[in-house]
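Below is one structure. I have some questions about it.
The values are calculated or read from the model by the stated rules, or taken from the named source; none is laboratory data. Predicted model only: the values in this text are computed from it and were never measured. Here the Cβ positions follow ideal geometry from the backbone for every residue, glycine too, while neighbour counts run over all protein chains shown.
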């Protein structure tokens, strides 16, 4: 059953959600959101945690019944990105954004954000080198992975925005390609991402860099699995780069809040905690 990774990871996330939220709050792992509410963070830790728990029954089934339907596409990119996000959430300094991290690195300061940026590039290049058949796709795939990971981090300024972006991207890719296989291939990550998105919308916690980076990594892998031609990958990379540059120089948040349609979609389902 190709849908089993999605089902099991979704169930694992539902089971782990309350204990993780309590663990973060009791340990003092909280962060103030845009409204000034103090929320457990990083809630995004639920995504890799639930995926790894779901791998136990999936691995047993795959080994015992010779099944290759684990739904673990991109695991060797997504898990290291999650680890870099956890490090950034735990030890981040005052630097923010690519420019801020770059300035900190040039001053000789150690920056977890700079480590995350360089590390993500290295992981993307390594994964692409192992999975892509030619040099053209190798470079474009690495670019799409890095840009998507960073862009979804820029999106994460309001509850639910990153996961909504992933869902909209997935709908577009699935309808555009008329192919459900890529969705099933990332089922192990998509199940927990949906649970985290619902909790994020209800302000049960904050994604943190752990969550937004993993969601971006999943988006990047989804793009790579769906877009078969070099031209399509090049267009995707160009669009991601353009939005990233805009987000770094201007404000994606301001753009969303000034556009009525985007503002309505962005606020849809959002629940403020008292």
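Would you check which residues across region 47-70 are at pLDDT below 85 and in a helix (DSSP H, G or I) and list them?
So in region 47-70, the residues at pLDDT below 85 come out as 62-70.
Selection gives 62, 63, 64, 65.
Quick check, is residue 18 in a helix (DSSP H, G or I), surrounded by fewer than 16 Cβ atoms within 10 Å (Cβ to Cβ) and modelled with pLDDT of 95 or more?
Details: in a helix (DSSP H, G or I): yes; surrounded by fewer than 16 Cβ atoms within 10 Å (Cβ to Cβ): yes; modelled with pLDDT of 95 or more: yes.
Here the answer is yes, as residue 18 does meet what is asked.
Where in region 212-274 are there helices (runs of 4 or more DSSP H), lying wholly inside it, with at least 3 residues that are under 26 Å from residue 126 (Cα atoms)?
Working: elements: 230-249, 252-258, 260-267.
Where helices (runs of 4 or more DSSP H) fall fully within region 212-274 and carry at least 3 residues being under 26 Å from residue 126 (Cα atoms), they are 230-249.
Taking interchain pairs and intrachain pairs at least six residues apart, which have beta carbon atoms under 9 angstrom, with the first residue in region 165-185 and on the phi > 0 side of the Ramachandran plot and part of a helix (DSSP H, G or I) and the second at pLDDT 95 or above and surrounded by fewer than 20 Cβ atoms within 10 Å (Cβ to Cβ)?
Qualifying pairs under 9 Å: none.
List pairs: first in region 54-72 and closer than 14 Å to residue 2 by Cβ, second loosely packed, with under 13 Cβ neighbours inside 10 Å and modelled with pLDDT under 85, Cβ under 8 Å, 6+ apart or cross-chain?
Qualifying pairs under 8 Å: 62/68; 69/1.
Determine whether residue 187 is modelled with pLDDT under 95, more than 21 Å from residue 154 (Cα to Cα), within 16 Å of the chain's Cα centre (by Cα) and crowded, with 21+ Cβ neighbours inside 10 Å.
Working: modelled with pLDDT under 95: yes; more than 21 Å from residue 154 (Cα to Cα): yes; within 16 Å of the chain's Cα centre (by Cα): yes; crowded, with 21+ Cβ neighbours inside 10 Å: yes.
Against the criterion (modelled with pLDDT under 95, more than 21 Å from residue 154 (Cα to Cα), within 16 Å of the chain's Cα centre (by Cα) and crowded, with 21+ Cβ neighbours inside 10 Å), residue 187 qualifies.
Inside region 232-270, can you point out the residues that are more than 22 Å from the chain's Cα centre (by Cα) and either modelled with pLDDT of 95 or more or surrounded by 12 or more Cβ atoms within 10 Å (Cβ to Cβ) (or both)?
257, 259
How many residues, within region 132-155, are modelled with pLDDT under 90 and outside any helix (DSSP H, G or I)?
Total meeting the criteria: 2.
Here is a list: 113, 85, 44, 36. Which entry is part of a helix (DSSP H, G or I), modelled with pLDDT under 90 and either loosely packed, with under 13 Cβ neighbours inside 10 Å or in contact with a helix residue (DSSP H, G or I) (Cβ under 9 Å, 6 or more places away or on another chain) (or both)? Even if it seems obvious, please write down each step before you answer.
On the way: 85 fails: modelled with pLDDT under 90; 44 fails: modelled with pLDDT under 90; 36 fails: part of a helix (DSSP H, G or I).
One residue alone meets the criteria, 113.
Quick check on residue 171: is it touching a helix residue (DSSP H, G or I) at 6+ places or on another chain (Cβ under 9 Å) and either exposed (fewer than 13 other Cβ atoms within 10 Å of the Cβ) or closer than 27 Å to residue 133 by Cα (or both)?
Details: touching a helix residue (DSSP H, G or I) at 6+ places or on another chain (Cβ under 9 Å): no; either exposed (fewer than 13 other Cβ atoms within 10 Å of the Cβ) or closer than 27 Å to residue 133 by Cα (or both): yes.
No; evaluated as a whole, the condition is false for this residue.
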